[in-house]
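If you scroll down you'll find the structure; I have some questions about it.
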Amino acid sequence: MPARVGNLGVRRDTADAHKATVRWAPARGAEFYVVRPGDRPNLMNQNYQVYDKQTSVSANLYAGVGYCFTVDTVNENGITRGGRPPAWSKA
C-alpha cells in the first residue's frame, strides 16, 4: 500500500473565489493521487485524479462555500485514504 500524503494545504485564490490550489508532499509508493473536495467531511463526492508525480491541483469551487479536501494515494497494491482531519478552505 502507498504511504499517506503529508503537508496537505489549500490556498483559495484571492482574485477568484471559485478557484483553489491544493498542494501536498509526495507519498512513498504512490503512482497517482485522488484529490477529493467537499463542503462537509462526510460528503466529499467530487474528485480530481493527479498523475505524473504532480503534487498539486487547481480545483474549481463554488464561491461563498467552505470546502474540505483530502488526498488519497493509489498504486497497484491498493488505495490509502487521506488522513483526518481534512484540509479546509474558507469561503
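What FRET efficiency, computed as 1/(1 + (r/R0)^6) with R0 = 25 Å and r the Cβ-Cβ distance, is obtained for Leu43 and Lys19, rounded to the nearest 0.05? Walk me through the numbers before you get to the answer.
Numbers: r = 21 Å, r/R0 = 0.82.
FRET efficiency, Leu43 to Lys19: 0.75.
To two decimal places, what compactness ratio does the range 6-89 give when its Cα radius of gyration is scaled by 2.2 N^0.38 Å? Let's see the in-between values first.
Numbers: Rg = 12.3 Å, N = 84, 2.2 N^0.38 = 11.8 Å.
Ratio of Rg to 2.2 N^0.38 Å for the range 6-89: 1.04.
Follow-up. What net charge is computed for the residues neighbouring Asn42, neighbours being all others with C-beta under 13 Å from the C-beta of Asn42, Lys and Arg scored +1, Asp and Glu -1?
Numbers: positive: Arg36, Arg40, Arg84; negative: Asp39.
Summing Lys and Arg as +1 and Asp and Glu as -1 gives +2.
Count charges around Tyr67 for me, please; just the other residues with Cβ under 14 Å from its Cβ, Lys/Arg as +1, Asp/Glu as -1. All intermediate terms of the calculation are to be shown ahead of the outcome.
Working: positive: Arg11, Arg12, Lys19, Arg36, Arg40, Lys90; negative: Asp13, Asp39.
Around Tyr67, the charge tally is +4.
Each reported figure results from applying straightforward, stated rules to the coordinates on display, with no laboratory input. From a predicted model like this one, the values you see are computed outputs, not experimental measurements. So basically every Cβ, Gly included, is an ideal-geometry build from the backbone, and we count neighbours across all protein chains shown.
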